[in-house]
Amino acid sequence: MTDKKIVLVTGAAGGIGTEVCRMFLNSGYKVVATHRPGKEKAEQANKWLQEEKLDGKDIQLLALDVSDHQAVSEVLAEALRDLGRIDVLVNNAGITRDSTFKKMSWDQWQQVMETNLSSLFSVTQPVFNQMCEQGSGRIINISSVNGLKGQYGQVNYSAAKAGMIGFTKALAAEGARFGVCVNAVAPGYTATPMVTAIREDVLDSIKATIPLKRLATTEEVAGAVLYLAGEHGGYVTGETLSVNGGLYMQ
Ligand code: CAA
């Protein structure tokens, strides 16, 4: 068993998740990074570790399909037995299936809901219960500016990301007496593959509306996560920390 604090990061391979893993490792945490199950995905995850120069550091891969409730229960029960505890959970796994609502399929709705929102139930419940038993813990949910302001072409994603914020506040109310703080980070448009996949003309018009006139770096978002997980974030709970370049000011 390690003396280090242990952080579980879902959807770790790529974008914000990768930077979150790197910053936690550099801050002396042990990181458990999840990736989708299957031989091919495991190979991709190992390749990702090498490419990101994270192999050899205190990081462990865990195959987990966050949208499969039964599988998550089994995998996390075993992980918690092996690890002994989890100190910080970062619910980062998320997908987009953008389409105008008129054309959106049930499948596009369902996939986003299951991966971005229902996963919060499945992944968080076993970890939260164990954090309550140990009397401490931090849960950080990666929401989005688009859950706060709504975004054209993202009825599914905006609904799921707004749902994460309600989840965060309700769970914060329940976790407080057990010393468990629950917060959300709401990134704006961040330089990740998810955002650079947006059609160029569309992305240019979005950038033009951002007061800081640029995308966020993954470091700027991961830094907010580290703050909420760390010593100085101990009196913050039920909050949504926006990192959006002024795109939406509440
Ligand atoms: N507000 C008002 N009208 C808009 C609009 C907006 N924001 N965006 C597009 N429209 C209008 C267009 O001008 C167009 O009008 P006309 O038919 O009169 O020309 C009409 O809506 C159709 O627009 P598109 O040509 O874009 O339609 P499409 O079907 O080709 O594409 C879409 C639809 C895939 C949703 C595309 O608009 C798109 O990719 N939008 C961006 C969605 C987005 O921001 N995704 C974020 C992904 S990253 C992320 O989610 C991370 C995070 O947390 C921030």
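Over all alpha-carbon pairs in segment 142-250, figure out the percentage whose distance exceeds 22 Å. Here the tail beyond 22 Å accounts for 33 percent of pairs. Binning the C-alpha pair distances of segment 42-106 at 5 Å intervals from 0 yields a P(r) profile of 3, 11, 16, 19, 20, 12, 7, 7, 3, 1 %, listed from the shortest bin outward. With an 8 Å cut-off on Cα pairs and a minimum separation of 6 or more residues, tell me the relative contact order of the chain in percent. Taking the mean separation of contacting Cα pairs over the length of the chain, I get 19 percent.
Which listed residue (105, 33, 15) has the Cα farthest towards the positive end of the charge dipole for segment 1-128, taking +1 on Lys and Arg C-beta and -1 on Asp and Glu C-beta about the Cα centre? Of 105, 33, 15, it is 15. What the pair-distance distribution of the chain shows, using all Cα-Cα distances binned every 5 Å from zero, is 1, 6, 14, 19, 21, 18, 12, 7, 3, 1, 0 percent.
Report the Cα centroid-to-centroid distance between segment 11-36 and segment 40-87 in angstrom, as an integer. Spelled out, the Cα-based centre of one part sits 10 Å from the other. Computed about the Cα centre, the dipole magnitude for segment 36-139 is approximately 300 debye when only Lys and Arg (+1) and Asp and Glu (-1) carry charge, each at its Cβ. Within segment 194-250, the trypsin sites (Lys or Arg not before Pro) that combine a DSSP coil assignment with at most 16 other C-beta atoms in a 10 angstrom radius are 199, 213, 214. Its residue count N sets the reference 2.2 N^0.38 Å, and the alpha-carbon radius of gyration of segment 1-136 equals 1.09 times that reference. If you plug the beta carbon distance of residue 217 and residue 55 into 1/(1 + (r/R0)^6) with R0 = 30 Å, you get a FRET efficiency near 0.80.
Along segment 240-250 the Karplus relation, 6.51 cos²θ - 1.76 cosθ + 1.60 evaluated at θ = phi - 60°, assigns HN-Hα couplings of 10, 9, 7, 10, 10, x, x, 4, 9, 10, 8 Hz to successive residues, with x for each Gly and Pro.
Under a model in which nothing but the beta-carbon of Lys, Arg (+1) and Asp, Glu (-1) is charged, segment 202-250 shows a dipole of about 240 debye around its Cα centre. Only protein atoms count toward the accessible area here, which uses a 1.4 Å probe; on the chain, the carbon and sulfur part of that area reaches 52 percent. Residues whose amide H falls under 5 Å from that of residue 182, counting only those 5 or more places apart or on a different chain, are 139, 238, with hydrogens built in the peptide plane. The distance linking segment 179-244 with segment 106-124 is 20 Å (Cα centroid to Cα centroid, whole angstrom). In this simple spin-label model, placing a label point 7 Å from the Cα along the Cα-to-Cβ direction at both residue 99 and residue 42 gives a separation of 3.4 nm. Computed over protein heavy atoms with a 1.4 Å probe, the accessible surface of the chain works out to 49 Å² per residue. Database remark: amide H of residue 216 closer than 5 angstrom to the amide H of 189, 190, 191 (H placed geometrically; neighbours at sequence offset of 5 or more, or on other chains; Pro and chain starts carry no H). Among 238, 14, 56, which one shows the biggest mean-square fluctuation in a GNM of the chain, springs joining Cα atoms closer than 10 Å? The residue that fluctuates most here is 56.
The values are calculated or read from the model by the stated rules, or taken from the named source; none is laboratory data. Being a predicted model, the structure only gives us computed values, none of them experimental. Please note: Cβ atoms are built from the backbone with ideal geometry, for glycine as well, and neighbour counts cover all protein chains shown. Surface accessibility is based on the protein's heavy atoms, side chains included, excluding ligands, DNA and RNA. Shrake-Rupley method; radii C 1.70, N 1.55, O 1.52, S 1.80 Å.
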